[in-house]
Structure formats: C-alpha cells, structure tokens
Amino acid sequence: MMDIDLYFEPVDFSRFECAGWAQKRFTLAGLLEKNQEKLKIEKADLVIFGIEEDRNSLVAGSAKAPDKIREHLYNLNRIAPRFKILDIGNLKMGNSENDTYFAVKDVCENMRAQGKTVVIIGGSQDLTFGITKSFEDEPFNMVTVDPKFDFKKGVKAINSETYLSLIFGKQRNMRSYTVLGYQSYFTDSLEFDQFSQNGCEAKRLGQIRYDMIQVEPILRNADIFSFDINSVRSIDAPGQYFSSPNGLYAEEACQLARYAGMADKINAAGFFNVIPAVDNQNMTAKLMAQVIWHFLEGFHHRIVEMPEKYASEFNQFVVDMEDVDLPLTFYQSRKTGRWWMEIRDAEEEKRMIVPCTEEDYHAASKNEIPDRWWKNLRILDRS
C-alpha cells in the first residue's frame, strides 16, 4: 500500500469558501471533506489529485490551476450522498520534471492495482507522459482532446506541445491513440501523414460536432483520457495560451467528459493547461470544474459490461460479408443498448471485442465493412 503522506500535500478544506448560492452539505466540498475523515482510501472508487507542475509547458501558469479549479469544483452538486471519492491533495513536486513524471507513474500504477480510477487536475499536459509510464507492463489505448497534434517527429525535448513524440518513442505497448477535436488549419498534411503512420486516428472538430455519438465507442475503448483546455474556443475558455476563436463549445467539452466518465475501461483521466493568470472572471476554471464534474457524474453511472465474459447478457448478431472470409459478429447489451463488434484474424488465432455503434452494424448489414473494423484489425495484426 502506498504511503499517501509521502507523495501528497493534503487538501485544507477551510481554504475553500462555499459560494453563497450553494448549500455545503449538498456540494462536492461537503462530501469530500466528510470522506476525508471517514472513508479509507482502500474503500474509495475514485481518487482526485492535483499536480502543480508546468516546468515543461510552453507558457507558464498552469501550475496555479489545481486549487483554482477546486474553488469552483467544490461548489458543485455532490452527485450522490454516498459517492466513494477522495481528494488526496496536490502531488509534492520533484526536484526535476522527470521526478514529477515518475511520481505520477507510481501513483497511477498503485491506484490502478487497487482498482481505482484517478482524476488528475493539472498542470500542463506533458504530465500525460507520466500517466502512460504507469502502463509500461501492459497494453493500453489513449484518447486526448486537443486542437492539434502534440507530436513533432525527431523532437527529443518534451513539452506540452511535443509530449506525444516521447510517448510514441518510449511507450511501445500503446495499442491505439485517438485525438478528438483537432482543427485542420493547425495541422500540416505531412504532419497528419506522420501521425497516421503511427497507426493513430483523428476526429476533426466538425466530425464531433456533427455526430457526437460516434465518439462514445472510441472513449469506451480507452484506458487513458487527457483533456487540453486549449481544445475549447477562447470565448468559452479565455484562461489558456492557445486562444483560438474556434474550438469545442463548453457544453461539447462537458459531453465528451461525461462519455469518458461512463467508459468502464478508463482508469486515468487528466485535465490540463488552464492558466488562471489570464482567465477572465474565472470562466476557464469554472468550465474545467464543470468538465471534471461531468466526468465524475459519468463515472457514478458507469456500468461495466463484458460481452466476452457474459454472453448471456447480450444479443448476438452474425453478418455474412462478401469481401471478408469470416462473418462479422456484433453484440448489443440488453441492459444499456450499447454495441460491440468482434475482430478476428484470418487464421482465427487472435480475437478481440471492441466497442462500436449501431450504425456499424447497419453498415455491415448492407455489406459495407465498417472503418472501425479495418482499424482494429490492423491493431490486432500488430499485437
């Protein structure tokens, strides 16, 4: 068991005033303060902690974000009176950025071993590298929400805009990576090609806005979720360094976070790059607090479903395809209505079941092979 006191400065709840419009006993502050006294960490389902680290950020200032976000998060509805969550404080800073990454690795690894989900309040987004290091001994899928690709081929120095380069180079067991909400005018075609060569997937801002539900299976298949506030348009989130007139709307950011919270595989979620010093009326801190709240609310309603283990809880549909030797098998949950598809290699030696949409099933029924099937077949072939 990890000694929390060695890693964290505990939260002093007396520093956070309850808003005049809120009743403390119905707020997250009231719940978390009570849980701090009565709930042992072994009994917690979800653990929140802050990281006051921005030494590798392109623009300083996000180290001040964790407590500023807490000011507004704590005033929000507690979600459920017996919600087993803890805020264990802010991670003690290492002497170097690498020390912080290794501390993040240790904490995330330890919490996952105990079956807990962690919510990280950053700090700068390069901290995602520390999260991925906690998966060095097992394969993982990662999703980030970003206005562009934080990837530069050949770059060795890590910062909040290049951390993916290090992850691609060091974390060979990353099975899949998807960026949500990227904007084409910030992305060169050569950069996109390099990105695609790494077997990655990208969903443009317009694709998400047109059909948000298509994102849900991607998040349901993820182990790590990393959210960059720079993905939100600056009018909704002025406290950022990217400041684009276009981007996710505030409510879209909250919807993505809720999907991520409901995704039963995600056990590490980070929320990064808020800069309080340039925030207008704390709008960005308030928005990030609401984004995190939606993740927590989604987590509270999380339902773990495993068609590979509990087949009797699913409807099964087998579709014969003209251009594929094997039929495509789909599963639909009788409880939630969610869908999965089975992927097999040609020799039927390897298989995996991945989340999908009802539209994927209907496409297969029309003899159209879903893109999701091809992408996951390539992942299966590499494994």
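The values are calculated or read from the model by the stated rules, or taken from the named source; none is laboratory data. Quick caveat, the model's predicted, so the values are computed rather than measured. A quick note on method: Cβ atoms are made from the backbone with ideal geometry, for glycine too, and the neighbour counts reach across all protein chains shown.
See the values below:
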item: Among residues of segment 171-186, those that are buried (at least 22 other Cβ atoms within 10 Å of the Cβ), in contact (Cβ under 8 Å) with a residue 40 or more places away in the chain and either within 15 Å of V232 (Cα to Cα) or not assigned by TED's automatic domain parsing to the domain that holds I131 (or both), counted; result: 2
item: Out of D146, D137, sole residue that is crowded, with 19+ Cβ neighbours inside 10 Å and either of a type in the set (D, E, K, R) or in contact (Cβ under 8 Å) with a residue 12 or more places away in the chain (or both); result: D146
item: Members of segment 260-287 found to be buried (at least 24 other Cβ atoms within 10 Å of the Cβ) and either at pLDDT below 95 or within 27 Å of Q114 (Cα to Cα) (or both), listed by number; result: A260, G261, A263, I266, A268, A269, G270, F271, F272
item: Criterion (acidic (D, E) and within 25 Å of the chain's Cα centre (by Cα)) met by exactly one of D5, D12, D45; result: D45
item: Condition check for N159: farther than 23 Å from I292 by Cα, in contact with a helix residue (DSSP H, G or I) (Cβ under 7 Å, 6 or more places away or on another chain) and assigned by TED's automatic domain parsing to the domain that holds E52; result: yes
item: Tally of residues being in contact with a Gly (Cβ under 8 Å, 6 or more places away or on another chain), assigned to a loop (DSSP other than H, G, I, E, B) and within 20 Å of K24 (Cβ to Cβ) across segment 49-93; result: 1
item: Any chance G239 is assigned to a helix (DSSP H, G or I) and crowded, with 22+ Cβ neighbours inside 10 Å; result: no
item: All positions within segment 200-218 that are touching a residue at least 60 places away in the same chain (Cβ under 8 Å), outside any strand (DSSP E or B) and in contact with a strand residue (DSSP E or B) (Cβ under 6 Å, 6 or more places away or on another chain); result: P217, I218
item: Residues being farther than 26 Å from G61 by Cα and either of a type in the set (S, T, Y) or not assigned by TED's automatic domain parsing to the domain that holds L32 (or both) - total across segment 98-133; result: 1
item: Q197, sole failed condition from (1) more than 20 Å from K375 (Cα to Cα); (2) free of Cβ contacts under 8 Å to residues at least 40 places away in the same chain; result: (1)
item: Qualifying residue in segment 271-284 (condition: in contact (Cβ under 8 Å) with a residue 60 or more places away in the chain, under 20 Å from T178 (Cα atoms) and assigned to a loop (DSSP other than H, G, I, E, B)); result: yes
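One line per residue, one yes/no per condition, for (1) within 27 Å of S243 (Cα to Cα); (2) exposed (fewer than 15 other Cβ atoms within 10 Å of the Cβ):
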{"residue": "F13", "(1), (2)": "no, no"}
{"residue": "Q23", "(1), (2)": "no, yes"}
{"residue": "N35", "(1), (2)": "no, no"}
{"residue": "E42", "(1), (2)": "no, yes"}
{"residue": "G50", "(1), (2)": "yes, no"}
{"residue": "D54", "(1), (2)": "yes, no"}
{"residue": "A65", "(1), (2)": "yes, no"}
